[in-house]
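These notes are about the structure you will find just below.
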Amino acid sequence: MPRPVRVLLFATARTAVGKSELAWNVPPAGIPASALAEELARAYPKLAPTLRVSRLVRNGHPIERPNLRVRPGDEFAIHPPYGGG
Amino acid sequence: MSGSLRLTRRPLSFSAAGRALLGPDLGGVVLFAGRVRAERSGSGRVSALEYEVHLGPALAVMHRLDREARARYGVERTVLWHRVGRVPAGEISVIAGAAAGHRAPAFAAARFLIDELKRTVPIWKTERARPARRPRRPPRPAAARSPD
């Protein structure tokens, strides 16, 4: 049984979903990052506005190409605009 | 030599950050501290900010900023510290600083570090507000009281 993707949610993304983390099943070959974001937006409609302005991060690295595949066991983070300081 | 980078739940000390920038040939030392403001928020006032961080990527970006500040401005020592978790109003949430032989590169590097930290490090804050106190109700005039 393939391991799910570990989806990490911060700030407005966490508020929209009501959790800081999700376990999300993807096919063994993985799916493009943009498709995973669309699945999440369908499952959590309140997340959609935040997704439009967020950076997507796979295994700690910003995703530059939307067709980059997210595979079982990966960490996939949603980074809303930053606000440190 | 690498800079001093911290993400911590403990209070930040301005004087400790200053000490990290001391050196016999470092004539220019610039230290910036950001504090949580008790500003108005809705009907109340901010009592604290709650900071959350994506730890691994945040540290990776902070290391990159440190390397970039040294390469661009030629500073010899840097400090980039940020608190996470709950930071009460009045306390320091972030310190950025740099030291060099002269003031110009130290100013430029410190400015670069704080500006880029806010723009590129995955840290988020949420306001925690204390509701405004209700004004005390004035005593009812004697004539308006109901008879015993």
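The values are calculated or read from the model by the stated rules, or taken from the named source; none is laboratory data. Everything numeric here is computed off the predicted structure, so don't read it as measured data. Virtual Cβ from ideal backbone geometry, glycine too; neighbours counted across all protein chains shown.
Scanning the range B:11-45 for residues that are within 14 Å of chain A (Cβ to nearest Cβ) and farther than 22 Å from B:F112 by Cβ yields B:V36, B:R37. Summed over the range B:15-65, the residues that are assigned to a strand (DSSP E or B) and out of contact with any Ser or Thr (no Cβ under 6 Å at 6 or more places or on another chain) give a count of 18. Annotation: of all residues in the range B:81-103 being away from chain A (no Cβ under 13 Å) and without any contact (Cβ under 8 Å) to a residue 60 or more places away in the chain, the one that is nearest to B:W124 (Cα to Cα) is B:R86. Given the condition at pLDDT 95 or above, surrounded by 14 or more Cβ atoms within 10 Å (Cβ to Cβ) and part of a loop (DSSP other than H, G, I, E, B), answer yes or no: does some residue in the range B:119-129 qualify? Within the range B:119-129, one or more residues are at pLDDT 95 or above, surrounded by 14 or more Cβ atoms within 10 Å (Cβ to Cβ) and part of a loop (DSSP other than H, G, I, E, B). Do the conditions hold for B:W81, that is, is it in contact with a Leu (Cβ under 6 Å, 6 or more places away or on another chain), among the aromatic types (F, W, Y), at pLDDT 95 or above and surrounded by 14 or more Cβ atoms within 10 Å (Cβ to Cβ)? The answer is yes for B:W81.
Return the total of residues in the range A:65-84 being within 14 Å of another protein chain (Cβ to nearest Cβ) and surrounded by fewer than 19 Cβ atoms within 10 Å (Cβ to Cβ). Residues that pass the stated criteria total 3. When the test is whether a residue is without any contact (Cβ under 8 Å) to a residue 12 or more places away in the chain, within 13 Å of chain A (Cβ to nearest Cβ) and either hydrophobic (A, V, I, L, M, F, W, C) or surrounded by fewer than 17 Cβ atoms within 10 Å (Cβ to Cβ) (or both), B:R64 passes it. Being farther than 22 Å from B:A60 by Cβ and either at pLDDT 95 or above or surrounded by 15 or more Cβ atoms within 10 Å (Cβ to Cβ) (or both) holds for only one residue in A:L40, A:L56, and it is A:L40.
Conditions (1) touching a Cys at 6+ places or on another chain (Cβ under 8 Å); (2) at pLDDT below 95; (3) part of a loop (DSSP other than H, G, I, E, B); (4) basic (K, R), marked per residue:
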| residue | (1), (2), (3), (4) |
| --- | --- |
| A:K19 | no, no, yes, yes |
| A:V26 | no, no, yes, no |
| A:S34 | no, no, no, no |
| A:P49 | no, no, no, no |
| A:P72 | no, no, yes, no |
| A:G85 | no, yes, yes, no |
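Within the range A:16-62, if we keep just the residues that are in contact with a helix residue (DSSP H, G or I) (Cβ under 8 Å, 6 or more places away or on another chain) and among the charged types (D, E, K, R), the residue that is farthest from B:P122 (Cα to Cα) turns out to be A:K46.
Sort out which residues of the range A:16-31 are under 20 Å from A:P66 (Cβ atoms) and of a type in the set (G, A, S), and write them in order of number. Result: A:A29, A:G30.
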